[in-house]
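Only one structure is covered here, and it is reproduced in the block below.
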Amino acid sequence: WHDKLLGGFKRTSDRLIGNLAGLGAARLDTATLDDIEEALIASDLGPQTAARIRARLAEGSFERNMEELGIRLIVAEEIEKVLAKVAKPLEIEAFPRPQVILVIGVNGSGKTTTIAKLAHLLMEQDYAVMLAAGDTFRAAAIGQLATWAERVGVPIISGKEGGDAAGIVYEAVKQATAIGTDVLIVDTAGRLQNKRELMDELSKIRRVLGRLNPAAPHDVVLVLDATTGQNALSQIEVFSKDAGVTGLVMTKLDGTARGGVLVAAAEKYGLPIHAIGVGEQMGDLRPFDPNEVARIIA
Ligand code: GDP
């Protein structure tokens, strides 16, 4: 899967390295630093990271020629620093159980698949897991989640299409509590008639959960599709304002993603990144390793 990950950062990395290689063994004067900063921004790493790397390169080495490899080393170091601050696996520590993980994100981001992957990972760690089909807006969503639940081998609480999502979540918490479930993972709608309605629905689910257990939901995980590049950033903006996001999972880092956006997200929002998705199978959720990602990008 390391090879898959190379794919996910290929566009970012190609742009970056292509641009840096063009500089040759340049003297790091202002014009060259400008070029490097531009290359970093073009690689989706974000303006803040780009500015910081520029400042670091300018430090002391202004008069010195710096080879491409030396620059790449510094870029990798800075990327790793940004990512290391946010790399944080989901911890299962709620008491009383269950720990309730609300999974949110727009349709197509990989939400359902991520729930299946997460359930599979937690099962492997010997946690008792349950799913709740809280996306009652699309009939297909309920069916899809049920198929995954069967494949992974976890129980699922679901209702009818168009049913009351908060009611299903309420029922799921009661059942999960009754049978000693460790982790309840709740799917949510990725789109309703409009954004307001979607956010209202998420708030309603949160209120119902909070009434059952003031600490719930323990986690609100936003799923993002890395292939959407900068779009992923605006989704963080929207959802973190209205839905209380506590952490991120970035999916599709195996495809033709512009994985550099992960760095921009880390720098701009500082939200924990719990894991990354590198495929469509249940085993394709991976821990997020800042050192590895930094080395792949630069
Ligand atoms: P949802 O609408 O957000 O629930 O998205 P789904 O989980 O249904 O995923 C949408 C599509 O993306 C499906 O075809 C998935 O197989 C695919 N997908 C999800 N995660 C990944 C991933 O990490 N890598 C790849 N290559 N495809 C993924």
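Kirkwood's formula applied to the C-alpha pairs of the chain gives a hydrodynamic radius of 20.0 angstrom.
Relative to the compact globular guide of 2.2 N^0.38 Å, what is the alpha carbon radius of gyration of segment 132-226, as a ratio? Walk me through the numbers on the way to the answer.
Working: Rg = 13.0 Å, N = 95, 2.2 N^0.38 = 12.4 Å.
Normalised Rg, Cα atoms only: 1.04.
In the full protein context, the chain carries 43 Å² of accessible surface per residue, based on a 1.4 Å probe and ignoring ligands, DNA and RNA. Phi-derived couplings, Karplus 6.51 cos²θ - 1.76 cosθ + 1.60 at θ = phi - 60°, listed residue by residue for segment 139-156: 4, 4, 5, 5, x, 5, 5, 5, 4, 5, 4, 5, 4, 6, x, 10, x, 9 Hz, with x used for Gly and Pro.
Lysine pair count for the chain with Cα-Cα distance under 16 Å and sequence separation of 8 or more or different chains is 10. Using a Gaussian network model of the chain with C-alpha springs under 10 Å, which one of GLN144, GLN235, GLN125 is most mobile by mean-square fluctuation? Comparing GLN144, GLN235, GLN125 in a Gaussian network model of the chain, the most mobile one is GLN125.
Expressed as an acute angle from 0 to 90° and rounded to the nearest 10, what is the orientation of the C-alpha long axis of helix 68-84 relative to the principal long axis of the chain? In the chain, helix 68-84 runs at an angle near 30 degrees to the longest axis. Within the shell of other residues whose beta carbon sits under 12 angstrom from the beta carbon of VAL249, the net charge comes to +2, with Lys and Arg scored +1 and Asp and Glu -1. For the options LEU69, LEU90, LEU209, a Gaussian network treatment of the chain with springs between C-alpha atoms closer than 10 Å singles out LEU69 as fluctuating the most. Based on DSSP H segments of at least four residues, each scored -39500 (n - 2.57), the chain has a per-residue ellipticity at 222 nm of -16000 deg cm²/dmol.
The GluC sites (Glu not before Pro) found in segment 211-292 that occupy coil by DSSP, while having at most 16 further C-beta atoms within 10 Å, are GLU280.
Rounded to two decimals, what is Rg over Rh for segment 1-150 when you use alpha-carbon atoms and the Kirkwood radius? Before the final figure, lay out each step's value.
Numbers: Rg = 22.0 Å, Rh = 19.0 Å.
With Rh from the inverse mean 1/r over Cα pairs, Rg/Rh is 1.15.
The P(r) of segment 82-126 has a tail past 16 Å containing 54 percent of all C-alpha pairs.
Comparing ALA178, ALA50, ALA264 in a Gaussian network model of the chain, where Cα atoms under 10 Å apart are tied by springs, the biggest mean-square fluctuation is seen for ALA178. Near ILE104, the amide H atoms lying under 5 Å from its own belong to VAL221, LEU222, VAL223; only residues 5 or more places off or on other chains count, and H is placed 1.01 Å from N.
Annotation: extensible slack from ASP29 through SER203 equals 57.4 nm (criterion: 0.36 nm per residue apart, minus Cα-Cα distance). Would you mind telling me the antiparallel percentage of the DSSP bridges in the chain, rounded to 5? Antiparallel bridges make up about 15 percent of those DSSP assigns within the chain.
Counting Lys and Arg as +1 and Asp and Glu as -1 over every other residue whose Cβ lies under 12 Å from the Cβ of PRO214, the net charge comes to +3. Distance from the Cα centroid of segment 179-257 to that of segment 139-160 is 18 Å (rounded to whole angstrom).
How much of the accessible area of the chain, probe 1.4 Å, is carbon plus sulfur, in whole percent?
51 percent
The values are calculated or read from the model by the stated rules, or taken from the named source; none is laboratory data. Remember, it's a predicted structure, so these values are computed and weren't measured experimentally. Cβ coordinates were reconstructed from backbone atoms using ideal geometry, including for glycine residues, and neighbour counts include every protein chain displayed. In case anyone asks, the SASA skips ligands and DNA or RNA and just uses the protein heavy atoms, side chains included. Shrake-Rupley method; radii C 1.70, N 1.55, O 1.52, S 1.80 Å.
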